[in-house]
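A short worksheet on the structure shown next.
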Amino acid sequence: MSRNPADHLLTPGVHYLQGAQACAEGAILAGCRVYAGYPITPATEIMEHAAHRLPQVGGRFIQMEDEISSASVLLGASWAGVKAMTATSSPGFSLMQEVISFAIMTETPLVIVDVQRPGPGQGYITTSQEDVMQARWGHHGEGSIIALSPASVQDMFDFTVEAFNLAERWRTPVLLMAEETVAHMRERLVVPPLADIRIVNRITPQDLGIAPESYLPYGHAQVPPMAIWGQGYAINHVSLVHHADGNVTRYSPKVHFENVARIHHKIEDNVDEIARLDARWLEGCRHLLICYGSVARTGIEAALEAREQRNIPLGFIRLKTLWPFPESQLRARVPDLDTVFVPEMNLGMMKHPITEALRDRCRRVVSIPSLGGLHSPELILSRIYEELA
Amino acid sequence: MKKHPMLKYLKEEGPAGPRLPLIMCPGCGVGQVLNYTLRAVDTVIHEDGLRPEDFVFISGVGCSSRLASHYLNFDSAWTLHGRALAVATGALLANPKLKIIVFTGDGDAAAIGGNHFIHTCRRNLDMTILCINNGLYGMTGGQVAPTTPLGQTTTTTPYGNVEDEFDLCRLAQTAGATYVARWSTAHPHQTIKTITRGIRKKGTAFVEILSQCPVHFKTAPAEMFRGLKKSTVPLKKAGRKETQGRIPVGEFCDIDKPDWVARYQKIIDRLGSDESPHE
Amino acid sequence: MTRHPRFEIRIAGFGGQGVVTIGKILGTAFSIHGGRNSVNTQSYGPESRGGACRSEVVVSDGEINYPYVRKADVLVALSQLALDTYVDDLKDGGILVIDPQAIKSVPAPERFRLYPVPTLAIAHETGDVKYQNTVVLGALYAFIADLIRESDLLETLRESVPPATVDGNLAAFEKGKNFVRSTFVLEK
């Protein structure tokens, strides 16, 4: 891994890294300069790489006493104007849910990486996609969230940069739902010239010419401009239901609904801009294979074989964004289908919004589960052949 | 009528309406602590040349933490129960120039926040922790706390508390805080002076302020006040036979030790001059 | 859309034998210096030493979708348990490299091209058993010389080991490679 001696940033070009390292490097290039974390298999490599690299680029790293405080650090850093990230695995992800809920209500940009492992409980230390519903519904209360699903080392880099951009653009916590598979594998990473990497920063009241005396911390726009501590805006961050000016008294059901509905719609109304998916072989397909994360790697291999060796008219879709769920994009792109196959490293989770989205567009949705290990092409193919026999 | 001199530091009014009076109960000590804190901040602003925008107030959840809800004409955050110190850690690591003051309570700091409390002290992170200790959980109706005395009845110890209480200052000192002091709302001048010293201290300053909760102790505020004075004893008079059983107040320690950011900065400086391009 | 040819290598043994490092060096050599796509993965038990440990490299001129070995072209087995666990995933006619000091029985050896290489003993000869994995790397190179330039592999090896051990590692690599070249007739 080579870095520029002047600023210690990764040199543009080809690198060969673990997904974990690519993720930390993406964060650094996106501008992350505070990292807080706690050891947990299989996410520890991200933290260790961050511990190594953050001070090299003038950032600060701290290992906290648990996952709750690690996530809490991100709040203070973000409010003080610095991009911040933590990485954990499934049990730690459970611990962070209160902080995520709080970040949603206070509209605080931050990035949390969940390198999923099987559960429930201590489960195991291999790979999993069992937290994908928790990503959307694990935080108490309403409010939507953004969750991305990387499938390669390149994705671990690109999607981390994207996660920071989305967090800043939409003033929200963003989750990178990785898996042990993609965190531990080594592959080529191509880093573009730094000037070509798009970086998004939050809009501040100064950017919009709003002076402190006219500033409404939760007002002015669907995504309110965000004041940074230390710049004279006297911003009070609160997570109790609030007025646009930050007042937390004078409660009314109307104020409550306006406050929380705006935060919900801020994400859900903009799903077409936020959510992305990739599709192949949709034209003329009768059946569809929908995958996300590392399972997409097996999925493409299986789809290629099913199409070439058995002439099955099988289309393929990879969800790059899990939440907000791209229902309308999915419906717009697929023809009427017979069978939709959804292989997941869980017992069937994303199959539910998929089924809802394609309820009147396919005959049936078939789940192909695997727990604790990545699907082999044989596992997916044998199920497809069996169901379509 | 003349305005209270510290009102300049509060947000009295906003587009959605008035924010004062504070929501605290009549006779509560939390409002007094706000007054003492703002006077300390005012001193530091005028004598040390700091500006209001240099300060950040961070609180957890509870009566004490309400001070940093929407009243302060400073940057602030009303955060999660027990996690204010972790949030403060993040702000400090992002911008070490911020002067961070944390409002917390005894339950917030020593029960749910206990882990973060001891690690913050151990790390000697530069911030001023003001722990308003009323000996129970006020906001939720008067439950037992780690600082409730043995035998005390509360809503969750209806037959009397069977646990001993924490000595929060001893805890802070043992954990590594470099400035540790305790006063009470009944010691206004000492408290103001101590908070001022805490703000000026480079490192973790922990100031415990014993405070009255007239509502849950079902005792008139003036009587609680007299009680605070009677039940405490200045350090130099503590340990004598006639002051046994009284809570010592004063400064327990004031030591100089490099703070976390200073130590980490040495690493940043060393690496910044390292020219080698490879891992 | 045609699939591009992929070549699959698996190295397995127990924790502490440096199995993971071999895979990492190979993958890096293929992709940084060799300009090919490669995916390097590993799995092990939670113990730092002992237990079962495997490292894989899938290399291709095209996209690599499925990242793990489906049917290995080459299996290097450094322990009996490793061989027993992974022999079924080795393709018929595949290259099976074993350390005869550790492996006493090979199931259906006629199915494969079997090459016993005493990697541990050779490492002893270089003066330190910790060079065993580099001996393996050298031996392995002899079988995949058409996939990677020796200079690329050696450059990666130099960059991957502590500077004080570079000479020892290079010597171990040579010994492993020469053992295979002088002992076996290699088919293409």
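A few comments on the model shown:
- Checklist (1) surrounded by fewer than 20 Cβ atoms within 10 Å (Cβ to Cβ); (2) modelled with pLDDT under 95 applied to residue C:116, failing item: (2)
- Options C:127, C:138, C:168: the member that is among the small types (Gly, Ala, Ser) and on the phi > 0 side of the Ramachandran plot: C:127
- Tally, over segment A:238-290, of residues that are in a loop (DSSP other than H, G, I, E, B) and away from chain B (no Cβ under 14 Å): 10
- Candidate set from segment A:323-351 (those that are of a type in the set (A, V, I, L, M) and within 18 Å of the chain's Cα centre (by Cα)); member that is farthest from residue A:296 (Cα to Cα): A:349
- For segment B:172-212, a residue qualifies if it is assigned to a loop (DSSP other than H, G, I, E, B) and over 21 Å from residue B:138 (Cβ atoms), and the qualifying residues are B:176, B:177, B:178, B:201, B:202, B:203.
- When the residues of segment A:300-337 are filtered to those that are within 14 Å of another protein chain (Cβ to nearest Cβ) and in contact (Cβ under 8 Å) with a residue 60 or more places away in the chain, the one that is surrounded by the fewest Cβ atoms within 10 Å (Cβ to Cβ) is A:305.
- Test: residue in segment A:311-318 that is at pLDDT 95 or above, farther than 28 Å from residue A:120 by Cα and under 21 Å from the mean Cα position of the chain (by Cα): yes
- All positions within segment A:58-96 that are part of a strand (DSSP E or B), at the interface with chain B (Cβ under 7 Å from one of its Cβ atoms) and over 16 Å from the mean Cα position of the chain (by Cα): A:60, A:62
- Qualifying position, being of a type outside the set (Phe, Trp, Tyr) and modelled with pLDDT of 90 or more, among C:17, C:42: C:42
- Count of segment A:204-217 residues which are under 29 Å from the mean Cα position of the chain (by Cα) and buried (at least 21 other Cβ atoms within 10 Å of the Cβ): 2
- Residue A:210 satisfies every condition listed in (1) more than 7 Å from every other protein chain (Cβ to nearest Cβ); (2) touching a strand residue (DSSP E or B) at 6+ places or on another chain (Cβ under 9 Å); (3) aliphatic (A, V, I, L, M); (4) free of Cβ contacts under 8 Å to residues at least 24 places away in the same chain except (2).
- From the options A:282, A:304, A:216, residue that is out of contact with any helix residue (DSSP H, G or I) (no Cβ under 8 Å at 6 or more places or on another chain) and assigned by TED's automatic domain parsing to the domain that holds residue A:354: A:304
- Criterion (more than 26 Å from residue A:149 (Cβ to Cβ) and out of contact with any His (no Cβ under 9 Å at 6 or more places or on another chain)) met by exactly one of A:74, A:9, A:95: A:9
- Flag for residue A:151 being over 27 Å from residue A:224 (Cβ atoms) and facing another protein chain (nearest Cβ under 10 Å): yes
- If you go through segment C:65-112 and pick out every residue that is part of a loop (DSSP other than H, G, I, E, B), surrounded by 19 or more Cβ atoms within 10 Å (Cβ to Cβ) and β-branched (Val, Ile, Thr), you end up with 2.
- Top-ranked residue of segment A:97-129 - restricted to ones that are among the charged types (D, E, K, R) and in contact with a strand residue (DSSP E or B) (Cβ under 6 Å, 6 or more places away or on another chain), ranked as farthest from residue A:66 (Cα to Cα): A:117
Residues checked against (1) basic (Lys, Arg); (2) free of Cβ contacts under 8 Å to residues at least 60 places away in the same chain; (3) within 27 Å of residue A:377 (Cα to Cα):
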site: C:5; (1), (2), (3): no, yes, yes
site: C:15; (1), (2), (3): no, yes, no
site: C:41; (1), (2), (3): no, yes, yes
site: C:53; (1), (2), (3): no, yes, yes
site: C:85; (1), (2), (3): no, no, yes
site: C:92; (1), (2), (3): no, yes, yes
site: C:96; (1), (2), (3): no, yes, yes
site: C:104; (1), (2), (3): yes, yes, no
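- Only a single item in (1) closer than 30 Å to residue A:307 by Cβ; (2) surrounded by 22 or more Cβ atoms within 10 Å (Cβ to Cβ) is not met by residue A:247, and it is number (1).
- Looking across segment B:75-124, just one residue is under 18 Å from residue B:207 (Cβ atoms), at the interface with another protein chain (Cβ under 7 Å from one of its Cβ atoms) and in contact with an Asp or Glu (Cβ under 8 Å, 6 or more places away or on another chain), and that is B:116.
- Test: residue B:148 is free of Cβ contacts under 8 Å to residues at least 24 places away in the same chain and surrounded by 22 or more Cβ atoms within 10 Å (Cβ to Cβ): yes
- Scan of segment A:1-39 for residues that are within 13 Å of chain C (Cβ to nearest Cβ) and free of Cβ contacts under 8 Å to residues at least 60 places away in the same chain, ordered by number: A:1, A:2, A:21
- Residue match in segment B:27-39 (condition: within 14 Å of chain A (Cβ to nearest Cβ), more than 18 Å from residue A:64 (Cα to Cα) and over 14 Å from the mean Cα position of the chain (by Cα)): no
- So residue A:52, is it assigned to a helix (DSSP H, G or I), within 23 Å of residue B:265 (Cα to Cα) and of a type outside the set (Ser, Thr, Tyr): yes
- Counted residues, segment A:341-382 - those being farther than 20 Å from residue C:67 by Cβ and not in a strand (DSSP E or B): 15
The values are calculated or read from the model by the stated rules, or taken from the named source; none is laboratory data. Since the structure is predicted, the reported quantities are computational estimates derived from the model, not experimental observations. Here Cβ is always computed from backbone atoms with ideal geometry, including for glycine, and neighbour counts include all displayed protein chains.
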